[in-house]
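Nothing in this text is a laboratory measurement; each read-out follows from the coordinates by a stated rule. Because the structure is predicted, anything quoted here is derived from the model rather than measured. Because the Cβ atoms are built from the backbone with ideal geometry, glycine has one as well, and the counts that use them run over all protein chains shown.
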Amino acid sequence: MRSEHEARLIEALQRGLPLVPRPYAALAARVGLTETGVIELIQSLQNEAVIKRFGVIVRHHELGYCANAMVVWNVPDRQVTELGTRIARLDYVTLCYRRARSLPQWPYNLYCMIHGRDRMRVRERISELIDTCGLQGVPHEVLFSCRRFKQRGARYSSVVPAFKRVVGA
Amino acid sequence: MDTIDRAIINNLQGGFPVSERPFADAAMTLGLSEDELLERIERLLDDGTLTRFGPMYHAERLGGGLSLAAMQVPRADFARVADIVNSFPEVAHNYARDHAFNMWFVLATEEPERVGETIAEIEQRSGYRVYNMPKLDEYFVGLRFAV
């Protein structure tokens, strides 16, 4: 059974875990559940991967990861899963997605993010990645960025209807 | 940031305990006291090293829409278009990149239909086409940011 408690918990939790010794009890008081109820709900949200990760969310620019490259590849569709899986295994790759192409202007279908302290280091890693993953000759482009206009993270202010639609089925 | 802060960031990017005394449990594995861990997390949040301490939600599983979009904007018009794009609450972050496709932003919406609507509104207000690059698959990455 899904409830409004869950939606309220999702909303209360997204601002962050209360920094007190018993944060789940503090949340419970806010959303009208018991501490055990909150703990069980969070565990089930993690099991369903509604919560992807739980812990510190870092502002990577402040950690000196100033060079951020999005590398886009045009790989044959039948190889995309294998190559994506291989690329994602490298420890300097922070995200790896398959995305829709936008033909003819944008033929790329595999994206990975590589963060590093400077562009030279990031470029070395890209060459290493090409060798390691057998991507020689695969069309690709490197899009560097060091300018961020906006980073707020996704916010969900009224998740009740949306949440029910997805997990209430 | 000292070695203890680094250890906190490197060890707590996922898998924070869900127990009655989670900070005490996490502190024990880090060799800290519960109070010290709480104080340090609070300081890392205050000084902006951390944006948040808590969950990272999977937008699609919450029932929302999520996509990456890109635009090709002439340099002279870039600031105007950036202001338009950033004014939408649906835009989660926006990056300038060195490429003909020079503006890249993430759309995170409560309703899946809002992705397309937002794109149409941005196109109308900016006068430039928005290319939608929705995610088709995600490949698992283990480590996030080591410091």
| query | If you take the square roots of the eigenvalues of the alpha-carbon gyration tensor of the stretch A:70-153 and sort them as a ≥ b ≥ c, do you get rounded (a/c under 1.5), prolate (a/b over b/c) or oblate? | reply | oblate
| For B:Met133, what is the net charge nearby, where nearby means another residue's Cβ is under 11 Å from its Cβ and Lys, Arg count +1, Asp, Glu -1? | +4
| message | Given points 7 Å out from each Cα along the Cα-Cβ axis, report the B:Asp98 to B:Thr3 separation in nanometres with one decimal. | response | 3.7
| query | With charges set only on the Cβ (+1 for Lys and Arg, -1 for Asp and Glu), what does the dipole of the protein assembly as shown come to about its Cα centre, in debye to the nearest 20? | reply | 720
| message | I want the local charge near A:Tyr108. Using Cβ-Cβ distances under 15 Å, sum +1 for each Lys or Arg and -1 for each Asp or Glu among the other residues. | response | +2
| query | Is there a simple number for the mean count of other chain Cβ atoms within 10 Å of the Cβ of residues in B:59-69, and what is it? | reply | 5
| query | So if we plug the beta-carbon distance of A:Val142 and A:Arg117 into 1/(1 + (r/R0)^6) with R0 = 25 Å, what FRET efficiency do we get, rounded to 0.05? | reply | 0.95
| field | Values of log10 I(q)/I(0), in the order q = 0.28 Å⁻¹, for the stretch B:3-46 under a Debye, Cα-only, solvent-free model | value | -1.11
| query | Once fully extended, how much extra length lies between B:Asn86 and B:Glu34, figured as 0.36 nm per residue of separation less the alpha-carbon to alpha-carbon distance? | reply | 14.8 nm
| message | Give me the inter-chain shielding for B:98-104: mean count of other chain Cβ atoms within 10 Å, whole number please. | response | 5
| request: Starting from the amide H of B:Glu111, placed 1.01 Å from N in the peptide plane, find each other amide H under 5 Å away whose residue is 5 or more places distant or on another chain. | output: B:Gly65
| query | Mind listing the Cα extents of the protein assembly as shown along all three principal axes, in Å, largest one first? | reply | 55, 42, 40
| query | How big is chain B on each of its three principal axes, counting only the C-alpha atoms and giving the largest first in Å? | reply | 56, 33, 26
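Between A:Glu4 and B:Ser19, what FRET efficiency comes out of the Förster formula 1/(1 + (r/R0)^6) with R0 = 25 Å and r the beta carbon distance, rounded to 0.05?
Result of the calculation: an efficiency of 0.50.
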